[in-house]
Amino acid sequence: MGAGRWIVCRLLAVALPGAAAPGIASGGQSVALAATGPEGRPAAGVVVYLPGVRAPAVQPPVVVDQRDEAFVPSISVVRAGSDVQFTNSDPTSHHVYSFSRPNAFALPLYKGRDRLVQRFSRPGVVVLGCNIHDSMLGYVVVVDSTRSGVTGPDGRVILTDVPAGSHVVRAWAPGLDRISPPDVGVVEVGDSTPATLSFRLEVPGHAPGPKKRGALAGGDY
């Protein structure tokens, strides 16, 4: 657990408000996670996952659209080996690409083209750009886990059907180390009680939704 990568992390003894009921499909339980930024405000757009957890899970297809010259959603998380569908809802062409190794790629998304699929086989943070529109920026975070999610506007996310045991929680948001995302705590998942964890990061998170920000800089990759 890297010092300085997280400010405070504490286990909660009671379920967070709005926590889902325990999952039953695979006999696991729910883990409710709450992230805040440096000023204590809810941190949206934080990727959280349980590294190394590879319990059976059904992941719906992940779609990243090009809409109003922005990636929608601006941040996604998938397990290694998954496909991501890139679509274009704009009346203009796009050319999505990434220099992020080992998942570098380039896909032309012309007007009227339904979709193109890219498989991400190795864990890592994939920074998305567009060769036509320099202001576009997005992320696909590829993880070695079948239990992951992205916090909403309230800074919370619930992972369901988590196997019983002791699990490290790892988090990433823009501004944190893309090579070695920080561990933010440990959850003890029992057979009958949902687990909860609240943690604070040194970055404010990444607000979901499109945001124009000018041309990308070399450090974005």
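The values are calculated or read from the model by the stated rules, or taken from the named source; none is laboratory data. Model, not experiment: these values are computed from the prediction. Using ideal geometry, Cβ is built from the backbone for each residue, glycine included, and neighbour counts are taken over all protein chains shown.
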Subject >> Residue that is farthest from the chain's Cα centre (by Cα) [pool: residues in segment 128-145 that are surrounded by 21 or more Cβ atoms within 10 Å (Cβ to Cβ) and not in a strand (DSSP E or B)] >> reply: Met136
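A quick yes/no check of all residues on (1) under 23 Å from Ser148 (Cβ atoms); (2) loosely packed, with under 14 Cβ neighbours inside 10 Å:
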{"site": "Asn88", "(1), (2)": "no, no"}
{"site": "Pro91", "(1), (2)": "no, yes"}
{"site": "Asn103", "(1), (2)": "yes, no"}
{"site": "Tyr110", "(1), (2)": "no, yes"}
{"site": "Leu116", "(1), (2)": "no, no"}
**OP:** Go through the residues of segment 51-60 one by one and say whether even a single one is surrounded by 17 or more Cβ atoms within 10 Å (Cβ to Cβ), on the phi < 0 side of the Ramachandran plot and assigned to a strand (DSSP E or B).
**Re:** no
**OP:** Would you please list the contacts, defined by Cβ atoms under 8 Å and residues six or more apart or on different chains, that run from a residue in segment 110-122 that is at pLDDT below 95 to a residue that is surrounded by 10 or more Cβ atoms within 10 Å (Cβ to Cβ) and aromatic (Phe, Trp, Tyr)?
**Re:** Arg115/Phe86; Leu116/Phe86; Val117/Phe86
Original post:
Can you name the condition, by its number, that Ser82 falls short on among (1) in contact (Cβ under 8 Å) with a residue 60 or more places away in the chain; (2) surrounded by fewer than 14 Cβ atoms within 10 Å (Cβ to Cβ); (3) polar (S, T, N, Q)?
Top reply: (2)
Subject >> Selection status of Val58, under 24 Å from Ala34 (Cβ atoms) and either touching a helix residue (DSSP H, G or I) at 6+ places or on another chain (Cβ under 6 Å) or free of Cβ contacts under 8 Å to residues at least 60 places away in the same chain (or both) >> reply: no
Original post:
How many residues does segment 60-109 hold that are hydrophobic (A, V, I, L, M, F, W, C) and touching a Pro at 6+ places or on another chain (Cβ under 8 Å)?
Top reply: 6
